[in-house]
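Data block below; observations after.
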Amino acid sequence: MEKSDFGKRLSELRSNKGVSARDMSLTLGQSPGYINNVENGINYPSMTLFFYICEYLGVSPKDFFDIGNTYPDKINELLDAVKDLDADNLSHLIALAKALKQK
């Protein structure tokens, strides 16, 4: 993933969470412009800070790099909610999801 792609993904996930770059930077213990610098491709975070970023956003590192998944936190929440459903209810849920996708 290129720096610009990394920054775009960070910006997307941060925006979906509804938090400003400044607030995120300060919460992570960084300077106010830190997240802006990452989003603009000026810096990459260290591995440690990347894990903190993922934790802050509520996503796994795998989810972070899955650019086709716009709302990984919501997908994870849905998966947690359906884990105990039986096969019949899962089939109904899959049919519902497919119908919603077609709209």
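So which residues in segment 19-35 are part of a helix (DSSP H, G or I) and either open to solvent by 70 Å² or more (accessible area, probe 1.4 Å) or aliphatic (A, V, I, L, M) (or both), if there are any at all? Passing the criteria: ALA21, ARG22, ASP23, MET24, LEU26, THR27, ILE35.
Summed over segment 45-58, the residues that are open to solvent by less than 70 Å² (accessible area, probe 1.4 Å), without any contact (Cβ under 8 Å) to a residue 24 or more places away in the chain and in a helix (DSSP H, G or I) give a count of 3. Can you pull out every residue in segment 59-103 that is touching a Pro at 6+ places or on another chain (Cβ under 8 Å) and either part of a helix (DSSP H, G or I) or on the phi > 0 side of the Ramachandran plot (or both)? ASP63, PHE64, listed by residue number.
All conditions in (1) under 28 Å from ARG14 (Cβ atoms); (2) surrounded by 10 or more Cβ atoms within 10 Å (Cβ to Cβ) hold for GLY68, with the sole exception of (2). Residues of segment 49-103 that are under 23 Å from LYS3 (Cβ atoms), among the β-branched types (Val, Ile, Thr) and out of contact with any Phe, Trp or Tyr (no Cβ under 9 Å at 6 or more places or on another chain): VAL59, ILE67, THR70. Which members of segment 8-18 meet the condition of being without any contact (Cβ under 8 Å) to a residue 24 or more places away in the chain and either in contact with a helix residue (DSSP H, G or I) (Cβ under 9 Å, 6 or more places away or on another chain) or part of a helix (DSSP H, G or I) (or both)? Correct list: SER15 only. Going by the conditions given, is ASP5 among the acidic types (Asp, Glu), surrounded by fewer than 14 Cβ atoms within 10 Å (Cβ to Cβ) and either touching a residue at least 60 places away in the same chain (Cβ under 8 Å) or not in a helix (DSSP H, G or I) (or both)? So ASP5 fits the description; yes.
The values are calculated or read from the model by the stated rules, or taken from the named source; none is laboratory data. Every value quoted in this text rests on a predicted model; they were computed, and no experiment measured them. Ideal geometry is used to build each Cβ from the backbone, glycine not excepted, and the neighbour counts take in all protein chains shown. Ligands, DNA and RNA are stripped out before the accessible areas are found, and what is left, the full protein with its side chains, is counted by its heavy atoms. Shrake-Rupley method; radii C 1.70, N 1.55, O 1.52, S 1.80 Å.
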